[in-house]
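For reference, the structure is listed below as structure tokens.
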Amino acid sequence: MIAGNWKMNKEIGAAKSFVMELLPLIEEITGAEILICPPFTVLHPLYELLADSQVHLGAQDVFWEKNGAYTGEISAAMLIDAGCRYVIIGHSERRQVMGETDLNVNKKLITASTAGMIPILCIGETLEERKAQQAEKVVSQQLDQALYGLSLEEGEKLVIAYEPIWAIGTGMNASGQDAQQMSRFIRQRLGQKYGPGAAQAVKVLYGGSVKEENIEEFMQQEDIDGALIGGASLNPVSLANIVRLVGNG
Ligand code: PEP
């Protein structure tokens, strides 16, 4: 799976041009699940353009209430209505800039999953935590708190993005080996919670300064099923090149 997180970039016109340029570039490629997570305003216009393509749509956030007096928020039903099935939850920028807590993340995840969406849960440690040998402890706490109360029924889909905070948007990616080690750790914890079958069915992505030059290093790792990509997903040619390196054709 290659998932692009556009963050707060691209208005409708630019988003449509991106898609018109991307689609012919990836037309012949098979074997890669492709996802774009644009800003809310662009979801529905892109849904119409992507309807017959292999590119799925995801949102970058969701609120936990169904409707009501929550100014500025968006519900799972609204996202589904706009044509999107995936939703990023707990991105480190939301945790750090908007003060989102593990409890908020948990409520969003349960809400999205109950509504039939596929959550992409982001977890990852800071540089200080890694240097202090606390990375696994932090990641397992984030995982346990985010998934609290989630039953993960058979066939239910969940994506976990391991995104070390120090690697996001810095050009300083984790090594393939370190990303694999954490992804294996995440899968083992999922196995303890839900059993080995369910843990194997969860997609674990790596995110943090992924680009054409390093995607293969991550995809060679046993427990990494794809990447969540910020900066390099904003350019249709680099996204298409990454998809080509991951898929066939
Ligand atoms: C992200 O925003 O999730 C991300 C991984 O960004 P970048 O690829 O730019 O590091």
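One table, with the values for the structure above:
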item: Qualifying positions in the range 58-74 - surrounded by 12 or more Cβ atoms within 10 Å (Cβ to Cβ) and out of contact with any Lys or Arg (no Cβ under 6 Å at 6 or more places or on another chain); result: Gly58, Ala59, Gln60, Asp61, Phe63, Glu65, Lys66, Tyr70, Glu73, Ile74
item: Matching option when the condition is outside any strand (DSSP E or B) and under 15 Å from the mean Cα position of the chain (by Cα), among Ser209, Ser238; result: Ser209
item: Qualifying residue in the range 20-28 (condition: under 21 Å from the mean Cα position of the chain (by Cα), on the phi < 0 side of the Ramachandran plot, surrounded by 16 or more Cβ atoms within 10 Å (Cβ to Cβ) and within 15 Å of the ligand (Cβ to nearest atom)); result: no
item: Those residues of the range 91-121 which are part of a helix (DSSP H, G or I) and in contact (Cβ under 8 Å) with a residue 60 or more places away in the chain, in sequence order; result: Ser92, Glu93, Gln96
item: Near pairs, Cβ below 7 angstrom, 6+ apart or cross-chain, from the range 125-138 (in contact (Cβ under 8 Å) with a residue 12 or more places away in the chain and open to solvent by less than 60 Å² (accessible area, probe 1.4 Å)) to any residue that is part of a loop (DSSP other than H, G, I, E, B) and not small (Gly, Ala, Ser); result: Glu125/Gln134; Glu125/Pro164; Ala135/Glu125; Val138/Glu125
item: Hits in the range 147-172 (condition: near the ligand (Cβ under 8 Å from one of its atoms) and touching a residue at least 40 places away in the same chain (Cβ under 8 Å)); result: Ala161, Glu163, Ala167, Ile168, Gly169
item: Candidate set from the range 219-235 (those that are open to solvent by 10 Å² or more (accessible area, probe 1.4 Å) and in a helix (DSSP H, G or I)); member that is nearest to the ligand (Cβ to nearest atom); result: Gly231
item: Among residues of the range 178-190, those that are open to solvent by less than 20 Å² (accessible area, probe 1.4 Å) and closer than 19 Å to Tyr148 by Cα, counted; result: 3
item: Hits in the range 152-177 (condition: open to solvent by less than 40 Å² (accessible area, probe 1.4 Å) and outside any helix (DSSP H, G or I)); result: Leu152, Leu158, Val159, Ile160, Ala161, Tyr162, Glu163, Pro164, Ile168, Ala174
item: Checking Gln141 against (1) within 16 Å of Ala59 (Cβ to Cβ); (2) out of contact with any strand residue (DSSP E or B) (no Cβ under 8 Å at 6 or more places or on another chain); (3) more than 14 Å from the ligand (Cβ to nearest atom), the condition it does not meet; result: (1)
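The values are calculated or read from the model by the stated rules, or taken from the named source; none is laboratory data. Please read these numbers as outputs of a predicted model, since none were measured by experiment. Note that each Cβ is placed from the backbone with ideal geometry, even for glycine, and that neighbours are counted across all protein chains shown. SASA here: full protein model, heavy atoms, side chains in, ligands and nucleic acids out. Shrake-Rupley method; radii C 1.70, N 1.55, O 1.52, S 1.80 Å.
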